[in-house]
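K.L.:
One structure is given below, represented as structure tokens, and several questions about it will come after.
The values are calculated or read from the model by the stated rules, or taken from the named source; none is laboratory data. Everything numeric in this text was worked out from a predicted model, so none of it was measured. Methodologically, a virtual Cβ is constructed for each residue, glycine included, from the backbone with ideal geometry; neighbour enumeration extends over all protein chains shown.
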Amino acid sequence: MIDKAHAEFDRLIADLSAAADDAEYGEIKKLIWENFGTSGAAFISDMANFSSTSRSLGICHFLKMIHRARQLVAPLIESNNGILLKSDADNCYAFFEDPGNAIQASIDINAELFRANQEHDIDEQIFLSVGIDYGDLLLVGHSDFYGDPVNSASKLGEDLAVKGEVLVTERALNRTALTVNENIERMIARISDIELSYVRIPMTQAVTGRIA
């Protein structure tokens, strides 16, 4: 069922598509940003080894693991003042006003997965990769978001991060009170003509005001 916010958003996008001229297009675009525009952190996680695990053990096995992962991820996002917008296959999408909270959530999640994995055989262990970016975006109720930070977080979490790894853009990190050791790994990648400057945060790193 589409909620009221998403129905209004879809209506405005349809109006934008049907705009008769540049002036009307500009007015509708302005209205979309007035109603749905905000700034914040996009958090996108991806489960590692989806394709290989599904092929070797079957999709039912992996769907079971996706369910376990969602049960773990959701409360840790909420406890760090985030909103879990949606879960799609093995991905989770969340919004945080404060990118520091997004980073803390990602570390809490990976730490809890590390603990839980000790109780399971390798075929039952869950590993996530996470991408985080910050900037202006369109937040549609508590169900979806769109914008450059969402695209960047997706590239980081799904394409670049390996299992148990958190990749955070420099612009997201710069919006936090965290200080970073000068020796921490900083990377620049270009994907689909998008240049991303980001840092790698170790899985077990505790956020205490400083990232080693």
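K.L.:
Would you point out the residue of region 73-127, among those that are more than 24 Å from N174 (Cβ to Cβ) and of a type in the set (S, T, Y), that is nearest to the chain's Cα centre (by Cα)?
P.N.:
S87
K.L.:
Something else about it: What pairs can you find where one residue is in region 1-25 and aliphatic (A, V, I, L, M) and part of a loop (DSSP other than H, G, I, E, B), the other is surrounded by 10 or more Cβ atoms within 10 Å (Cβ to Cβ) and modelled with pLDDT of 95 or more, and their Cβ atoms are less than 7 Å apart, with a gap of 6+ or different chains?
P.N.:
As it stands, the answer is A19/Y25; A19/I28, since those pairs meet every condition given.
K.L.:
Which of the residues belonging to region 193-212 are more than 22 Å from L113 (Cβ to Cβ) and modelled with pLDDT under 75?
P.N.:
Across region 193-212, the qualifying residues are G209, R210.
K.L.:
Moving to a separate point now. For region 141-157, give me each residue that is buried (at least 22 other Cβ atoms within 10 Å of the Cβ) and over 18 Å from Y198 (Cα atoms).
P.N.:
F145
K.L.:
On to the next question. Does D90 qualify as being buried (at least 16 other Cβ atoms within 10 Å of the Cβ), touching a residue at least 24 places away in the same chain (Cβ under 8 Å), touching a Pro at 6+ places or on another chain (Cβ under 7 Å) and among the charged types (D, E, K, R)?
P.N.:
No, not satisfied.
K.L.:
Please go through region 112-128 and give me each residue that is surrounded by 14 or more Cβ atoms within 10 Å (Cβ to Cβ), among the aliphatic types (A, V, I, L, M) and more than 16 Å from R200 (Cβ to Cβ), ordered by number.
P.N.:
If the condition is that a residue be surrounded by 14 or more Cβ atoms within 10 Å (Cβ to Cβ), among the aliphatic types (A, V, I, L, M) and more than 16 Å from R200 (Cβ to Cβ), then L113, A116, I126 are the ones that fit.
K.L.:
Of all helices (runs of 4 or more DSSP H) completely enclosed by region 48-135, which ones contain at least 2 residues that are at pLDDT 90 or above?
P.N.:
Output list reads 59-79, 99-117.
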